[in-house]
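*Asks:* Mind looking over this structure? Questions follow.
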Amino acid sequence: MGMVCVQPYRKVDNKKINTVLQTISVDIHSEALPVVSAKQRSAFAPNYVHSIDSAHMMKTAEECIGRGMDFAGVHDSFWTHPCSVDEMNVVLRDKFVEVHKEPLLEKLKAELEERHPHLAFPPVPKFGDLDLEEVRNSMYFFS
């Protein structure tokens, strides 16, 4: 979808402000502070998967709204009026296939290699034999 995803995991500076009544602690967030590399490492994979899920939700929302359907969603819960559920189920499957037919890992690897030419990245795993088109016929794909 072309949206930028970042992980702003940096050290947080803390300042204490003493007043007559109390001491207040204020967190200072700044891009000038060092990155917390352990948090960056541990959060990368789940955040990447969440970004793909978000792309699926955004594409589903755009299509539903484009068809005149009401749509609401939070994380992995998608809602519409009962009269639109069957149509939304078709859209959900279509947009899932659309998102996952993209060479997502290849694109990620290419972007990482461009940003970090001094690092070597392992090859992308080979595709399995799942036929994504079968998602369109899956009764329990999304419930």
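The values are calculated or read from the model by the stated rules, or taken from the named source; none is laboratory data. What you see is a predicted model, and the numbers here were worked out from it, not measured in a lab. Every residue, glycine as well, gets a Cβ built from its backbone with ideal geometry; the counts of neighbours run over all protein chains shown. In case anyone asks, the SASA skips ligands and DNA or RNA and just uses the protein heavy atoms, side chains included. Shrake-Rupley method; radii C 1.70, N 1.55, O 1.52, S 1.80 Å.
*Asks:* Could you give me the residue pairs with C-beta distances under 6 Å whose first residue belongs to segment 75-90 and is within 19 Å of ASN137 (Cβ to Cβ), whose second residue is open to solvent by less than 100 Å² (accessible area, probe 1.4 Å) and modelled with pLDDT under 95 wherever it lies, and which are 6+ apart or on separate chains?
*Replies:* That search, which allows pairs on different chains as well, returns MET88/THR80.
*Asks:* Is it fair to say GLU98 is over 24 Å from MET58 (Cβ atoms) and either part of a helix (DSSP H, G or I) or in contact (Cβ under 8 Å) with a residue 40 or more places away in the chain (or both)?
*Replies:* Numbers: over 24 Å from MET58 (Cβ atoms): no; either part of a helix (DSSP H, G or I) or in contact (Cβ under 8 Å) with a residue 40 or more places away in the chain (or both): yes.
No.
*Asks:* Can you name the residue in segment 71-81 that is open to solvent by less than 80 Å² (accessible area, probe 1.4 Å) and assigned to a loop (DSSP other than H, G, I, E, B) and is also nearest to LYS101 (Cα to Cα) among such residues? Lay out the reasoning, then the answer.
*Replies:* In the first step, residues of segment 71-81 are kept if they are open to solvent by less than 80 Å² (accessible area, probe 1.4 Å); the result is 71-73, 77-78, 80.
Pick out the ones that are also assigned to a loop (DSSP other than H, G, I, E, B) and you get 71, 80.
Details: PHE71: 24, THR80: 26 Å.
That would be PHE71.
*Asks:* Moving on. Take the residues in segment 18-41 that are open to solvent by less than 100 Å² (accessible area, probe 1.4 Å) and either touching a helix residue (DSSP H, G or I) at 6+ places or on another chain (Cβ under 7 Å) or among the hydrophobic types (A, V, I, L, M, F, W, C) (or both), then tell me which one is farthest from LYS59 (Cα to Cα).
*Replies:* Step one: filter segment 18-41 for residues open to solvent by less than 100 Å² (accessible area, probe 1.4 Å), giving 19, 23-28, 30, 32-40.
With the extra rule that they be either touching a helix residue (DSSP H, G or I) at 6+ places or on another chain (Cβ under 7 Å) or among the hydrophobic types (A, V, I, L, M, F, W, C) (or both), the set shrinks to 24, 26, 28, 32-33, 35-36, 38.
Values: ILE24: 44, VAL26: 39, ILE28: 36, ALA32: 35, LEU33: 35, VAL35: 32, VAL36: 32, ALA38: 32 Å.
Filtering segment 18-41 for residues that are open to solvent by less than 100 Å² (accessible area, probe 1.4 Å) and either touching a helix residue (DSSP H, G or I) at 6+ places or on another chain (Cβ under 7 Å) or among the hydrophobic types (A, V, I, L, M, F, W, C) (or both), the one farthest from LYS59 (Cα to Cα) comes out as ILE24.
*Asks:* I've got another one for you. Can you tell me which residue within segment 1-17, out of those that are surrounded by 10 or more Cβ atoms within 10 Å (Cβ to Cβ) and among the hydrophobic types (A, V, I, L, M, F, W, C), is farthest from LYS59 (Cα to Cα)?
*Replies:* VAL12
*Asks:* Additional query: Identify all residues within segment 103-140 that are within 17 Å of TYR48 (Cα to Cα), surrounded by 10 or more Cβ atoms within 10 Å (Cβ to Cβ) and of a type outside the set (Gly, Ala, Ser); write none if there are none.
*Replies:* Correct list: PRO103, LEU104, LEU105, GLU106, LYS107, LEU108, LYS109, GLU111, LEU112, GLU113, PHE121, VAL124.
*Asks:* Follow-up. The conditions are (1) part of a loop (DSSP other than H, G, I, E, B); (2) in contact with a Cys (Cβ under 7 Å, 6 or more places away or on another chain), and GLY68 fails exactly one of them. Which is it?
*Replies:* Result: GLY68 fails condition (2) only.
*Asks:* Here's something else I'd like to know. Hey, can you tell me all the residues within segment 46-62 that are open to solvent by less than 60 Å² (accessible area, probe 1.4 Å) and either closer than 30 Å to HIS81 by Cβ or small (Gly, Ala, Ser) (or both)?
*Replies:* SER51, ILE52, SER54, ALA55, HIS56, MET57, LYS59, THR60, ALA61, listed by residue number.
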